[in-house]
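Presented below is the structure to which this report refers.
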Amino acid sequence: MGNWVVGIDLGATKIALGLIDPADRVVARRRIPTLAEDGPESAVERIAQQISDLQREVPDGSRIAAVGICTPGPVDHATGTIVDPPNLGWRNVPFRGMLSDRLGVPVALEHDAKAAALGEFHYGAGRGERSMVFIVVGTGVGAAIIADGRLYRGLHNSAGEVGHITLDPDGELCTCGNRGCVETYISGPWLARRYQRMLQRKGKPSPSLEEPITGETVAAQARAGDPVAMQVLTEAGEALGAAVATMAMILSIDLYVIGSSVARCGDLLLEPARRAVPRHCYQSVASHVRIVCTELWDDAPLLGCGWLARQTLAAPPAP
């Protein structure tokens, strides 16, 4: 649309900003700590300072015309309100309005997973598709559904909680209070727990590491040929495949894009998932399912926010 925009990914510990040119490329970046304990007003001011700095990167005669920002949920995208994300500690903050008033430009606010899905759909692995599911596999597990080119939110804006599909009613106790959820197999913290427990059961010592064991540790150990880590990732992949098969049966969507930190396991996670899909759904459904890694990684939410920012400029003015 010929405008320069900024995409912002506001997380619990950091705020990433990307200046996006008219060709939808991230051409400059900034990163600052969130400092959530200082409150949303402080975050607005520090974001405004970074955007002022990014304006210097824009060619003469052009300006930053709009901003898109995503945050952990729950959020109300319609009112631009950050509702009560536990890892920020903010409640009912009209963040979109606060930031728009400070910057003097239109601002869009969206849930972080949904923004990443939009980025991937328009500029990454979903280019040219009609429908796609973007699955975030990190500290938690969730999904954003794009059907016929539009985000599907559900009646109460909670569609996509794939991490809490039950795989084993007698399984591990999940943080949500249920047992055997998908999240207890494939989220980063659970990969670490399962790895340590399996080492103990097999009477093997934990690897000598300077840092605590994380999901990334398990992935690194698997890539190095550690058979226990490889078994943990195989089981995680099989759980992911079961979840994807369930969604494919319900949604009749073919493409499933896996993003966030655990996706860096690559085929160590995705190949078991692909093999598992036919065991959990009709063969006629499984034959169409594709499970791929994100193409955009950390740029997915930035570009998704940039796309949302452009929509604010295309929207008709309010009456």
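Odds and ends about this structure:
- Within the stretch 239-257, considering residues that are without any contact (Cβ under 8 Å) to a residue 40 or more places away in the chain and part of a helix (DSSP H, G or I), the one surrounded by the most Cβ atoms within 10 Å (Cβ to Cβ): Met249
- Here is the figure for the stretch 86-126: residues that are closer than 29 Å to Asp148 by Cβ and part of a loop (DSSP other than H, G, I, E, B) total 4.
- Picking from residues in the stretch 55-73 that are hydrophobic (A, V, I, L, M, F, W, C) and surrounded by 20 or more Cβ atoms within 10 Å (Cβ to Cβ), the one that is nearest to the chain's Cα centre (by Cα) is Cys70.
- Test result for Pro278, assigned to a helix (DSSP H, G or I) and over 19 Å from Glu129 (Cα atoms): yes
- Residue in the stretch 171-186 that is outside any strand (DSSP E or B), at pLDDT below 95, under 19 Å from Leu233 (Cβ atoms) and touching a helix residue (DSSP H, G or I) at 6+ places or on another chain (Cβ under 9 Å) present: no
- Taking (1) at pLDDT below 95; (2) small (Gly, Ala, Ser); (3) crowded, with 17+ Cβ neighbours inside 10 Å in turn, Ala144 satisfies each apart from (1).
- Selection within the stretch 165-211 - over 24 Å from the mean Cα position of the chain (by Cα) and small (Gly, Ala, Ser): Gly171, Gly203, Ser206, Ser208
- Note on the stretch 187-231: residues that are acidic (Asp, Glu) and part of a helix (DSSP H, G or I) amount to 1.
- One residue stands out among those in the stretch 61-119 that are in contact with a Gly (Cβ under 6 Å, 6 or more places away or on another chain) and hydrophobic (A, V, I, L, M, F, W, C): the one that is farthest from Asp38 (Cα to Cα), which is Leu118.
- Inter-residue pairs, beta-carbon under 7 Å, first touching a residue at least 12 places away in the same chain (Cβ under 8 Å) and part of a loop (DSSP other than H, G, I, E, B) and in the stretch 285-312, second among the β-branched types (Val, Ile, Thr) and surrounded by 17 or more Cβ atoms within 10 Å (Cβ to Cβ), 6+ apart: Val289/Val244; Val289/Val277; Thr294/Val257; Thr294/Ile258
- Selection within the stretch 86-103 - over 24 Å from Val5 (Cβ atoms) and touching a residue at least 24 places away in the same chain (Cβ under 8 Å): Asn87, Gly89, Trp90
The values are calculated or read from the model by the stated rules, or taken from the named source; none is laboratory data. Note that the coordinates shown come from a computational prediction; the quantities given were computed from them, not determined experimentally. Quick reminder, even Gly has a Cβ in these numbers, built from the backbone with ideal geometry, and neighbours come from all protein chains shown.
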